[in-house]
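Everything below concerns the one structure shown next.
Read-outs: derived from the displayed coordinates by stated rules, not from any lab. None of these values were measured; they are calculated from a predicted model.
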Amino acid sequence: MVRRPAVGIAVAVFVAGPGGVRAADAPRAERFFVYNLTTASDLGGIYLAPAGTTDWGPNQALNDRDHQVEPTERLAVTGIGHGLYDVRAVTTKGHACVKAGVDLTHDTTFDIRDADLACP
C-alpha cells in the first residue's frame with residue numbers, strides 16, 4: 001500500500017470595489033475617534049472607562065505623534081468597542097474633568113468641548 005500525502009486546497013474569495021480589493025466577509029474593525037473641540041486647551045490625557053466605573057484604560061493621547069491633542073485635532077481611540085463610557089480629559093496644564101455617559105453604542109466618534117473642562 002502506497003501512502004499519498006493529503007493535499008488540500010484553500011480558497012479565498014476577494015471582492016473588487018471602489019476601495020480596492022479586499023477579502024470577502026472579512027470582519028471590519030470599527031475605528032473610534034475623539035475630536036478636541038476646545039478653543040485653547042491641549043489635552044495630554046484622554047482615558048475611557050465603562051460608564052459608572054473608575055476602571056480607566058490607557059492614555060489615548062499617547063496614540064498621537066506628539067502625545068497631546070491640540071484644539072480641532074482628531075485622535076484615533078484604540079482598544080475599545082461599542083458601549084457607554086465615562087471619559088477623563090486632562091489638559092497639558094494638569095486640569096482634569098470627567099465627561100460622563102459618552103454613548104458609543106452606535107456612534108464611533110465623540111468630542112471634548114470647553115464645557116466638558118468646566119469642572120471644579
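Between segment 74-105 and segment 42-63, what is the separation of their alpha carbon centroids in Å?
That distance is 5 Å.
Tell me, what ³J(HN,Hα) does each residue in segment 101-106 have, in order and in whole Hz, if you take phi through Karplus 6.51 cos²θ - 1.76 cosθ + 1.60 with θ = phi - 60° and put x for Gly and Pro?
Those phi angles translate into x, 6, 8, 10, 5, 10 Hz.
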